[in-house]
Amino acid sequence: MLYATFIVPEARMRPPIGLRKPLSAPNPHRLPSTIARDDEHLLVAAAKRGDAHAFEELVNRYEAKIFRLTLNITRNREDAEDAMQDAFLKSYAHLKSFHEDSRFYTWLVRIAANEALMRLRKRRPNQFSLDEPVEGDEDLMPRELEDWGPSPEQRFAQTEMHEILSEVIDKLEPDFRVVFVLRDVEELSTEETSKVLGISVPAVKSRLLRARLKLRQKLNRYFRQGDTN
Amino acid sequence: MNCKGVIREISNYIDGDLDLAMKQELERHLEHCEDCQMVVDQTRLTVEVFCDSQPVELPGDVKSRLHDALRRKLQEKSN
């Protein structure tokens, strides 16, 4: 069963990527500093002093994002809910040991990712391992190359796009999916992703490359020009 | 750089992690290889559609169970 976990803003002013255009420098995507609001540290400080309302405000602020994260990792609603709940309860219990050397949100993502990974490992002991080396270069070359046309993301209604993203990420192998989710959806840095997963930076990069190429391949079915499903 | 080299470096290119010499070499290839240009554009868009997606609102039943559990924990701590 699929669970939709994404909403894509419908109207975004971005140049259509499917169109040929002059080469320009790549735009590195946003890092976690853009996620958290400026008053986060005030809420954290108040929660550390025992202000329950401040902690509840943090929960209200991040609950949907943390549920998306745990659902994207486990792809199982029950596990995702348990992992999210335990992540918030553990973060509250260990709040005093959070020394604010990173953003609270990043710290929370680490806890939630570990809770979700623990459940994924338990449910799929033979299907999920980050210890296995990834395949060689041979499989990397894209098999289907078709023009996506201008702005494929604007051809779909919000709910449709929502379902497409959930469907393609659901089909990605778990060891690629967790790296992609942490790095490209939750926007952790490569180093942070490596720490959360306990694998090397080159291993993160290698899995991320494969995850992105596999997702491009899967999205091709939906985005190719002339196709609407 | 050939097509295989571009595909191997595509992630680093999108993330802006390539050194200048490598970036220029890759872009020289893209200038005359429409296929690689298409893969680069589509891979970048793939990252963007996921990155720009917003989480859906937490389902009501999930939210109330979370907040109930939280209140129990807060209660425990204040007792």
**Request:** Please indicate, with yes or no, whether at least one residue in the range A:202-223 is part of a loop (DSSP other than H, G, I, E, B) and of a type outside the set (Ser, Thr, Tyr).
**Result:** no
**Request:** State yes or no: is B:Val40 more than 7 Å from chain A (Cβ to nearest Cβ), on the phi < 0 side of the Ramachandran plot and in contact (Cβ under 8 Å) with a residue 12 or more places away in the chain?
**Result:** yes
**Message:** I want to confirm something. Restricting to the range A:50-85 and keeping residues that are more than 9 Å from chain B (Cβ to nearest Cβ) and within 14 Å of B:Ala69 (Cβ to Cβ), which single residue is farthest from the chain's Cα centre (by Cα)?
**Reply:** A:Asp82
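Check whether at least one residue in the range A:172-192 is part of a helix (DSSP H, G or I), in contact with a Gly (Cβ under 7 Å, 6 or more places away or on another chain) and either open to solvent by less than 10 Å² (accessible area, probe 1.4 Å) or of a type in the set (S, T, N, Q) (or both), and report yes or no.
No: the range A:172-192 contains no residue that is part of a helix (DSSP H, G or I), in contact with a Gly (Cβ under 7 Å, 6 or more places away or on another chain) and either open to solvent by less than 10 Å² (accessible area, probe 1.4 Å) or of a type in the set (S, T, N, Q) (or both).
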**Request:** Can you work out which of the residues in the range A:93-147 that are among the small types (Gly, Ala, Ser) and modelled with pLDDT of 85 or more is nearest to B:Glu76 (Cα to Cα)?
**Result:** A:Ala93
**Failed condition for B:Leu26, given (1) of a type in the set (A, V, I, L, M); (2) more than 7 Å from every other protein chain (Cβ to nearest Cβ); (3) within 30 Å of A:Ala80 (Cα to Cα)** = (3)
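Let's see how each residue does on (1) within 8 Å of chain A (Cβ to nearest Cβ); (2) small (Gly, Ala, Ser):
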| position | (1), (2) |
| --- | --- |
| B:Cys36 | no, no |
| B:Leu45 | yes, no |
| B:Glu57 | yes, no |
| B:Ser64 | no, yes |
**Prompt:** Going through the range A:204-221 one residue at a time, which ones are basic (Lys, Arg) and more than 19 Å from B:Val40 (Cβ to Cβ)?
**Reply:** A:Arg207, A:Arg221
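Where residues in the range A:139-167 are assigned to a loop (DSSP other than H, G, I, E, B) and within 30 Å of A:Arg77 (Cβ to Cβ), which of them is least open to solvent (accessible area, probe 1.4 Å)? Break it down stepwise before answering.
Keep residues of the range A:139-167 that are assigned to a loop (DSSP other than H, G, I, E, B), which gives A:141-151, A:156-157.
If we keep only those that are within 30 Å of A:Arg77 (Cβ to Cβ) too, we end up with A:156-157.
Working: A:Phe156: 13, A:Ala157: 42 Å².
Looking at the filtered set, the residue picked out is A:Phe156.
Kindly indicate which of A:Ala83, A:Ala87, A:Ala64 is within 21 Å of A:Val179 (Cα to Cα), among the aliphatic types (A, V, I, L, M) and touching a strand residue (DSSP E or B) at 6+ places or on another chain (Cβ under 6 Å).
Every option except A:Ala64 fails the conditions.
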**Message:** On the basis of being touching a residue at least 40 places away in the same chain (Cβ under 8 Å) and either of a type in the set (Phe, Trp, Tyr) or touching a Ser or Thr at 6+ places or on another chain (Cβ under 9 Å) (or both), does A:Asn72 make the cut?
**Reply:** yes
**Item:** Residue list for the range B:14-23, filter: within 10 Å of chain A (Cβ to nearest Cβ) and of a type outside the set (Val, Ile, Thr)
**Value:** B:Asp15, B:Gly16, B:Asp17, B:Leu18, B:Lys23
**Message:** Residues that are free of Cβ contacts under 8 Å to residues at least 60 places away in the same chain, within 12 Å of chain B (Cβ to nearest Cβ) and of a type outside the set (A, V, I, L, M, F, W, C): does the range A:176-185 have at least one?
**Reply:** yes
**Message:** The conditions are (1) farther than 27 Å from B:Cys36 by Cβ; (2) in contact with a helix residue (DSSP H, G or I) (Cβ under 8 Å, 6 or more places away or on another chain); (3) open to solvent by 10 Å² or more (accessible area, probe 1.4 Å); (4) not charged (D, E, K, R), and A:Val201 fails exactly one of them. Which is it?
**Reply:** (1)
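The values are calculated or read from the model by the stated rules, or taken from the named source; none is laboratory data. Owing to the predicted nature of the structure, the values given are computational and were not obtained by experimental measurement. Positions of Cβ are backbone-derived with ideal geometry, glycine not excepted, and every protein chain shown enters the neighbour counts. Each accessible area value is taken on the protein alone, full model and side chains, heavy atoms only, with ligands, DNA and RNA left out. Shrake-Rupley method; radii C 1.70, N 1.55, O 1.52, S 1.80 Å.
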